[in-house]
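Read through the structure below, which is laid out as structure tokens, and then see the notes.
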Amino acid sequence: MKIRNMISAAVLVVSTVAVIGAGQVNKVSAAECNVGALAGDHTQKNITVNGTQATVKFAVKGDQGCTQNVTFASWEAPSKTGLPLSGQKLYDFKTGSFGVGIHSLTVNLPVCASNPNIVRYYQADLLRGSSPTTAQGTSDYAKAGEAGRLIDWKVGGEVCPTPVTPVTPVTPASTTPAKTLPATGPEGVIAVSAAIAIAAAAAHNVYLRRRALGNL
């Protein structure tokens with residue numbers, strides 16, 4: 001009886017160890033499914049800018065069947081350092097579910113309204129999960145208790161030039177003298193009538209003198 005009890009106890013211990021061992025294997029296997037930046041997390045070396053776009057590369061590691069949701073977001077920032085975070089506005093983002101391997105995502109960066117070829121102040125964030133923002137809709141992941149989501153980031157950009165308002169040229173006033181039109185009022189009519197009467201009287205006097213001299 002004593003031997004039987006000892007054997008039963010040994011079997012129980014072995015079974016317990018086997019169960020614990022299986023649980024530990026499952027935990028290790030689950031922990032191996034993760035996503036990280038190629039050049040290391042939080043190094044600001046994984047995001048490259050080309051023109052008005054930013055691209056990030058990352059790797060998903062784990063066993064076969066491992067997938068991770070990843071998001072890449074760009075923000076309009078109030079300064080070259082991105083601070084304060086409360087002044088940032090979401091500009092563009094891409095998200096997806098990725099299996100084991102190396103992947104990349106590309107987003108547009110905010111540009112100046114006065115010159116679309118100039119990238120204004122921005123921040124680009126590589127994130128775990130499928131949302132570009134915190135639960136409060138901001139980019140302040142630490143304040144929202146979501147600091148673990150941020151894999152890497154990059155800030156940059158330039159001050160937008162002040163738009164120049166074109167000056168409309170002023171057309172100079174015309175210097176051509178105005179033409180004087182003949183008077184057509186009552187005074188003009190009287191003057192013309194007087195001139196005609198004088199001419200008629202002179203012609204009549206010439207006629208009378210020539211007749212008196214016998215030339216007619």
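All of the numbers you see were taken from the coordinates with simple rules; none came from a lab. Because the structure is predicted, anything quoted here is derived from the model rather than measured. Cβ atoms come from the backbone with ideal geometry, glycine included; neighbour counts cover every protein chain shown.
With a sphere of radius 12 Å drawn around the Cβ of Leu90, what net charge do the other residues whose Cβ falls strictly inside it have (Lys, Arg +1; Asp, Glu -1)? Intermediate results must be reported in sequence, preceding the final value.
Numbers: positive: Lys89; negative: Glu76, Asp92, Asp125.
Result for the neighbourhood of Leu90: -2.
Put a dot 7 Å past the Cα of Glu32, heading toward its Cβ, do the same for Lys57, and the two dots end up 2.4 nm apart. Listed by chain and number, the aspartates and glutamates whose alpha-carbon sits under 20 Å from that of Lys154, ignoring those within fewer than 8 places in the same chain, are Asp41, Glu76, Asp92, Asp125, Asp140, Glu146.
Modelled this way, with points 7 Å down the Cα-to-C-beta line, the labels at Thr95 and Thr48 are 2.7 nm from one another.
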